[in-house]
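The values are calculated or read from the model by the stated rules, or taken from the named source; none is laboratory data. The model shown is predicted, which means the values in this text are computed figures rather than measured ones. FYI the Cβ positions are ideal-geometry reconstructions off the backbone, even for glycines, and counts take in every protein chain you see.
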Amino acid sequence: MSANLNQTNIEIDDPNFQDVFTNLQGNILKGHGRDHSRHVFFRFIGNSDENCRWVEKFASKITSTLGQEQQTRQYKAGGRHQVFVNLMLSCSGYQALGIKQKYWPQDLAFRSGMKDLQVRYDTVPRGDHQPKSNPLNDDVQQWESAFRSDIDGMILLAYAGDSPSETDQLLADKVTELKNELAGIAEITLVQVGHVMRNDKAQVIEHFGFVDGVSNPKFFFSDLNEEFKNGGYSRNDASASLNTVLVKDPGGDGNSYGTYVTYRKLQQNIKGFWKKLDLLANTLSELGQQKVDAEYAGALCVGRFKDGTPISEQGNDGWSNLFNNFNYDDDVDGLRCPFHAHTRKTNPRGDTVRQFNSPPTIEQSRRIVRRGISFGEKNLAPDSEWTEAGLLFISLQASIVDQFIFMQHTWCNNEGFIRKKTGIDPLVGQLANGETPQPQSWPGKWGNGASKVDFEFSGFVRNLGGEYLFMPSIHFLRHL
Ligand code: HEM
């Protein structure tokens, strides 16, 4: 009997899901929680039989959902972290394994790969448009060479030891071990290093300095309960059904599920971002009625202050809990949090329900699970622009087309989203090569009426490459 993926608020030890969770890779329904990772991208070079035998053997090292839970319990009881392992495949990976097409995951974006800019996606569900090619407005010529060439799969290794040197050494040993066992089977095309950055309160931050990973769909009741402790969920229900992120694995048995992965290496221009925020703050101060600083301008870009306080809730930072129980019902004109703010674009929390009179379930079905990690230098105030710093963006979803691509294309990149002149997401919005972004419309100091100022803000995050992958069930990987 198949599991019911419409269910919300289950617990990990629910007897109906034990077979599913034994087969399901970890890091999907809960983050793996280690601060250091290596993303090992590879391309098969062996024949399909040899490739399959290696995958079948490697499958025993993958951390399952239940395995991850056991490791977490041991760690909380005073034990040490163990190395966490995921394996994901691109569509060319399925081909290199000689898997019959009827067993391939079906998502159109997965089947085409991220580099294929010609494939036309039907990203808007209202039937009043033509399907669009290159909805992300990517420019593959600008990608790092490892991402421009073929990627058949990626192994994610994650660990946090007692010291940075122990962590580095252990992960280096694991990568060497992988290289040795892959000899004649696959070439390692890139080992991407990722590390969590934290602020002085030990909260996870990204390179612009903002607390990150606050808002994510919650699959287990105990995780939702954490939201409850941080302010409740009366105004934003973070619970999500399993089919937000899981699909049946076409190659597995009755208890086999997997998830689609979007991987994007997003470089951040920290110096440029803060310089432009100074300019935005000065412009808002001159044209508005009250002085604002770069920190405030930053909150208008992100939708939250650096410490995570939502700007739709109050006009200054200071909330010590990672608050997620909010929506934009008290800010329907975007006077506190502008419509273009990153968090408002990527989770409109009711804006599209008001605008299009569509059921809230449709907006909620766009949610993605974010499992990214930072890369590069830890310096948050570098002397030069475009340093080696950014986010290894990883989103998990049941449909790449209807969730990640929809979010990036129809919300982040869409200048007319919610209001005609909203503009693009100042953090991650991208227009097609050669197109000039229109200025966004910025409210002045919090609660100060309707005077808005036009100012163009974009271009401080660029994509260095990526791929669409599928994280199959362990059962499938063991029985090729
Ligand atoms: C939230 C930063 C890329 C989707 C956030 C938050 C920050 C942030 C600071 C607020 C904290 C939180 O709610 O967790 C960044 C940076 C990026 C980036 C610096 C690139 C370097 C992306 C991309 C997408 C995305 C490419 C998808 C297209 C989201 C979503 C949320 C979020 C869904 C949660 C919104 C909510 O539920 O309120 N991001 N992000 N982010 N971001 Fe990003």
Residue match in region 357-369 (condition: farther than 24 Å from G194 by Cβ, more than 11 Å from the ligand (Cβ to nearest atom), without any contact (Cβ under 8 Å) to a residue 60 or more places away in the chain and small (G, A, S)): yes
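Tell me, please, whether a residue that is over 27 Å from F393 (Cβ atoms), in contact with a Ser or Thr (Cβ under 6 Å, 6 or more places away or on another chain) and either modelled with pLDDT under 95 or of a type in the set (G, A, S) (or both) can be found in region 302-309.
Pass one, region 302-309, residues over 27 Å from F393 (Cβ atoms): none.
No, there is no match, as no residue in region 302-309 is over 27 Å from F393 (Cβ atoms), in contact with a Ser or Thr (Cβ under 6 Å, 6 or more places away or on another chain) and either modelled with pLDDT under 95 or of a type in the set (G, A, S) (or both).
Being surrounded by fewer than 19 Cβ atoms within 10 Å (Cβ to Cβ), away from the ligand (no atom under 13 Å from the Cβ) and at pLDDT below 95 is the requirement here; does D333 meet it?
In short, yes.
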Return the residues of region 206-229 that are more than 12 Å from the ligand (Cβ to nearest atom) and surrounded by fewer than 22 Cβ atoms within 10 Å (Cβ to Cβ); say none if nothing qualifies. F220, F221, S222, D223, L224, N225, E226, F228, K229
I'm trying to understand the selection: among the residues of region 230-243, which are within 13 Å of the ligand (Cβ to nearest atom) and over 20 Å from P348 (Cα atoms)? N230
Tell me whether region 379-392 contains one or more residues that are within 12 Å of the ligand (Cβ to nearest atom), over 26 Å from V292 (Cβ atoms) and assigned to a loop (DSSP other than H, G, I, E, B). no
Scan region 29-82 for residues that are modelled with pLDDT of 95 or more, in contact with a Lys or Arg (Cβ under 9 Å, 6 or more places away or on another chain) and of a type in the set (G, A, S) and report the count. 3
Complete set of residues in region 443-458 that are modelled with pLDDT of 95 or more and either under 18 Å from Y328 (Cβ atoms) or within 16 Å of the ligand (Cβ to nearest atom) (or both): F457, S458
Does L480 count as under 30 Å from G194 (Cα atoms) and either in contact (Cβ under 8 Å) with a residue 12 or more places away in the chain or surrounded by fewer than 20 Cβ atoms within 10 Å (Cβ to Cβ) (or both)? no
Residue within region 300-321 that is more than 10 Å from the ligand (Cβ to nearest atom), out of contact with any Leu (no Cβ under 7 Å at 6 or more places or on another chain) and in a helix (DSSP H, G or I) present: yes
Restricted to region 393-413 and to residues being assigned to a strand (DSSP E or B) and within 9 Å of the ligand (Cβ to nearest atom), the residue nearest to L246 (Cα to Cα) is S395
Exactly one condition in (1) away from the ligand (no atom under 13 Å from the Cβ); (2) more than 24 Å from Q408 (Cβ to Cβ) is not met by L246; state its number. (2)
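In this structure, does K275 turn out to be surrounded by 16 or more Cβ atoms within 10 Å (Cβ to Cβ), among the basic types (K, R) and farther than 13 Å from F455 by Cα?
Working: surrounded by 16 or more Cβ atoms within 10 Å (Cβ to Cβ): no; among the basic types (K, R): yes; farther than 13 Å from F455 by Cα: yes.
Answer is no for this residue.
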Pull out all pairs, ordered by first then second residue, where Cβ-Cβ is under 9 Å, the residues are six or more apart or on different chains, the first lies in region 321-335 and is of a type in the set (S, T, N, Q), and the second is more than 13 Å from the ligand (Cβ to nearest atom). N321/K229; N321/G231; N324/G231; N325/F228; N325/G231; N325/G232; N325/S234
Show the residue pairs meeting these rules: Cβ distance below 8 Å; 6+ apart or different chains; first residue within region 197-212 and of a type in the set (S, T, N, Q); second residue near the ligand (Cβ under 7 Å from one of its atoms) and assigned to a loop (DSSP other than H, G, I, E, B). Q203/G308
